[in-house]
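K.L.:
Got a structure for you, written out below as structure tokens; questions coming shortly.
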Amino acid sequence: MNNISPVEPETNPNSKLIIDPPRWMRFIIRQVGDRAINPAKRTRRRARAEAVRVKSSAPHVVEYFHQLDDPYSHLTAQVLNKFAARYDIVIKPRLVNATGGKNQPRPAELAIWAHRDAMLIAPHYGLNFPQDAPETPSLDLQSLASNYLAPLSPEAFLAEIEAVSTALWTDDKEFFFQHANPSADGEEARAAGSKRLAELNHYSGATFYYAGEWYWGVDRLFYLEMRLQELAANKSDLRGYLVPRPDIDVSGVDASGLTLDFYPSLNSPYTSIIFDKTIAVKDTCNIKFNHKPVLPMIMRGVAATNVKGNYIFFDTKREGENLGVPFGPIVTPIGAPTRSAYALLPWAYEQGKDEALMSSLLRAAWSEGIALHKKSGMQRAVTRAGLDWSEACKQFKRDDWKQLIAGHQHEMVEGMGLWGVPSYRLSGPDGEPDLMVWGQDRLWLVAAEIKRRAGK
């Protein structure tokens, strides 16, 4: 443990206003967050966009941003033409570069993670990711691919993108030798697409933009399909989705021979909507379970931006609605409230109340609008977890939580190669490699793997 880094870095790229916001800043963050997740505002925004479209007799226009070296873009390429055929829409495809910057920190590690994740989810979505695909396609082939795609009409792009992407990720040099287009300027096309992506205040490839809202890859495509179906834009009466989200299901499973490590964070909107679902999975299948909270990414020195924050709030709201979990009103617990809450964890572990405490704190901050930076708010959350408040007040000055949390962070970041939350590690039985995944939208994958490994 001596080589483990301190729980918070000595230097942090995020400002003090974000790491330890004063009350007025917490109020501003709440206002921004509540505005992003307000269902009434979303309904009015959608209605205005549709009214403008109808008045101008315009088609349903969907912009799609494809990043050639992005594994998620490769998965999306496999459904893009089917999506276009199913709906009465006009798709405007655009090539982009990997220009996420602070919105996508640790780019080298992100490439490794995305490659691994795409390979894991592809079979469950009925898609393919080559088993021997490189972590990223060669720059030369990317250049040839962009030169080939750049001059194509939107219709031709949609028809060709799957074949081109497959050739790229399988290192099929012969394909590009046969289809070379040296006169095209793929770099210019990628620069133009990246500029458009930035103008629309987004940062990621494999994304769809429709009437003011964003949809990421095959994981969020069903939300766009849902919206288009509500607008009667589907070409048939078929109401299903091209890539439906698998259910989180471990019913009837005895997973007592397996172990699940869970890495949540108190300041994570995504964690807030999946925490209780994760505990329910654990309770249902009797899996060995280790609850291992980590500090919020911002406090760990991962750069944050307003653009990414706004998208996360919006996306968490619809993910919560899909799960049947409330999200909002919010009061961020970043900074001092998180430190105080985590100071209680060693004591809560001793009483078997750590899960109940974390659940209560997350609900307070992210769905009840309870201010944990106020004594009354913290007291409410603590006592609801079945803990004695007078005894809790004696724990706030403890610092042994730092070693505990630093150990969790070391396991997740250094040991698993993950830095986002919530993260999961599924272990067992002997002979099976650990499953390590990141994101609230991967609990279904954890559940599916639990069922497989438990022989159900």
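The values are calculated or read from the model by the stated rules, or taken from the named source; none is laboratory data. Because the structure is a prediction, the values reported are computed rather than measured. Here Cβ is always computed from backbone atoms with ideal geometry, including for glycine, and neighbour counts include all displayed protein chains.
K.L.:
Would you please list the contacts, defined by Cβ atoms under 7 Å and residues six or more apart or on different chains, that run from a residue in the range 350-366 that is surrounded by 19 or more Cβ atoms within 10 Å (Cβ to Cβ) to a residue that is in a helix (DSSP H, G or I) and charged (D, E, K, R)?
P.N.:
From the range 350-366, the pairs are 359/276; 360/384; 364/380.
K.L.:
On the basis of being under 24 Å from residue 274 (Cβ atoms) and either hydroxyl-bearing (Ser, Thr, Tyr) or out of contact with any helix residue (DSSP H, G or I) (no Cβ under 7 Å at 6 or more places or on another chain) (or both), does residue 390 make the cut?
P.N.:
no
K.L.:
Counting just the residues of the range 180-195 that are of a type in the set (D, E, K, R) and outside any loop (DSSP other than H, G, I, E, B), which one comes out surrounded by the most Cβ atoms within 10 Å (Cβ to Cβ)?
P.N.:
190
K.L.:
Listed residues 170, 166, 136; which is modelled with pLDDT of 95 or more, over 30 Å from residue 234 (Cβ atoms) and of a type in the set (Ser, Thr, Tyr)?
P.N.:
After ruling out the rest, the residue left standing is 170.
K.L.:
Need the failing condition index for residue 242 against (1) under 28 Å from the mean Cα position of the chain (by Cα); (2) closer than 30 Å to residue 432 by Cβ, just the number.
P.N.:
Going through (1) under 28 Å from the mean Cα position of the chain (by Cα); (2) closer than 30 Å to residue 432 by Cβ one by one, residue 242 breaks only (2).
K.L.:
Another question, then. Considering (1) within 23 Å of the chain's Cα centre (by Cα); (2) surrounded by 17 or more Cβ atoms within 10 Å (Cβ to Cβ); (3) among the small types (Gly, Ala, Ser), say which one residue 150 fails and leave the rest.
P.N.:
So the condition that residue 150 fails would be (1).
K.L.:
Filter the range 93-127 for residues that are touching a residue at least 40 places away in the same chain (Cβ under 8 Å), within 23 Å of residue 240 (Cβ to Cβ), assigned to a helix (DSSP H, G or I) and of a type outside the set (Gly, Ala, Ser) and give the result.
P.N.:
Those that are touching a residue at least 40 places away in the same chain (Cβ under 8 Å), within 23 Å of residue 240 (Cβ to Cβ), assigned to a helix (DSSP H, G or I) and of a type outside the set (Gly, Ala, Ser): 121, 124, 125.
K.L.:
Can residue 43 be described as free of Cβ contacts under 8 Å to residues at least 12 places away in the same chain and β-branched (Val, Ile, Thr)?
P.N.:
Yes.
K.L.:
Given the conditions (1) on the phi < 0 side of the Ramachandran plot; (2) surrounded by 13 or more Cβ atoms within 10 Å (Cβ to Cβ), report the number of the one that residue 417 does not fulfil.
P.N.:
(1)
K.L.:
Given the criterion in a helix (DSSP H, G or I) and modelled with pLDDT of 95 or more, identify the matching residue among 90, 79.
P.N.:
79
K.L.:
Would you mind finding the one in 116, 94, 106 that is in contact with a strand residue (DSSP E or B) (Cβ under 7 Å, 6 or more places away or on another chain), assigned by TED's automatic domain parsing to the domain that holds residue 220 and within 18 Å of residue 72 (Cα to Cα)?
P.N.:
None of the other options fit; the residue is 94.
K.L.:
Let me ask something else. Which ones in the range 212-239 are part of a loop (DSSP other than H, G, I, E, B) and over 23 Å from the mean Cα position of the chain (by Cα)?
P.N.:
231, 232, 233, 235, 236, 237, 238, 239
K.L.:
Return the total of residues in the range 368-394 being buried (at least 18 other Cβ atoms within 10 Å of the Cβ), outside any helix (DSSP H, G or I) and touching a residue at least 40 places away in the same chain (Cβ under 8 Å).
P.N.:
Summing the residues that are buried (at least 18 other Cβ atoms within 10 Å of the Cβ), outside any helix (DSSP H, G or I) and touching a residue at least 40 places away in the same chain (Cβ under 8 Å) in the range 368-394 gives 4.
K.L.:
Tell me, yes or no, whether the range 218-226 has at least one residue that is surrounded by fewer than 16 Cβ atoms within 10 Å (Cβ to Cβ) and of a type outside the set (Gly, Ala, Ser).
P.N.:
yes
K.L.:
Anything in the range 352-367 that is in a loop (DSSP other than H, G, I, E, B) and under 22 Å from the mean Cα position of the chain (by Cα)? List them, or say none.
P.N.:
Correct list: 367 only.
K.L.:
Among what's in the range 360-372 and is out of contact with any Gly (no Cβ under 8 Å at 6 or more places or on another chain) and of a type outside the set (Asp, Glu), pick the residue that is nearest to residue 386 (Cα to Cα).
P.N.:
Restricting to residues being out of contact with any Gly (no Cβ under 8 Å at 6 or more places or on another chain) and of a type outside the set (Asp, Glu), the top hit is 360.
K.L.:
Which one of these does residue 256 not meet: (1) more than 27 Å from the chain's Cα centre (by Cα); (2) assigned to a loop (DSSP other than H, G, I, E, B); (3) in the same structural domain as residue 122 (by TED's automatic domain parsing)?
P.N.:
Going through the list (1) more than 27 Å from the chain's Cα centre (by Cα); (2) assigned to a loop (DSSP other than H, G, I, E, B); (3) in the same structural domain as residue 122 (by TED's automatic domain parsing), residue 256 breaks only (3).
K.L.:
Moving on. Could you tell me whether the range 199-208 includes any residue that is closer than 30 Å to residue 105 by Cβ, of a type in the set (D, E, K, R), touching a residue at least 24 places away in the same chain (Cβ under 8 Å) and not assigned by TED's automatic domain parsing to the domain that holds residue 311?
P.N.:
No: the range 199-208 contains no residue that is closer than 30 Å to residue 105 by Cβ, of a type in the set (D, E, K, R), touching a residue at least 24 places away in the same chain (Cβ under 8 Å) and not assigned by TED's automatic domain parsing to the domain that holds residue 311.
K.L.:
Scan the range 315-336 for residues that are surrounded by 18 or more Cβ atoms within 10 Å (Cβ to Cβ) and part of a helix (DSSP H, G or I) and jot them down.
P.N.:
315, 316, 317, 318, 319, 320, 323
Conditions (1) farther than 26 Å from residue 427 by Cα; (2) surrounded by fewer than 19 Cβ atoms within 10 Å (Cβ to Cβ); (3) outside the structural domain of residue 436 (by TED's automatic domain parsing), marked per residue:
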| residue | (1), (2), (3) |
| --- | --- |
| 268 | no, no, no |
| 276 | no, yes, no |
| 288 | no, yes, no |
| 291 | no, no, no |
| 294 | no, no, no |
| 303 | yes, yes, no |
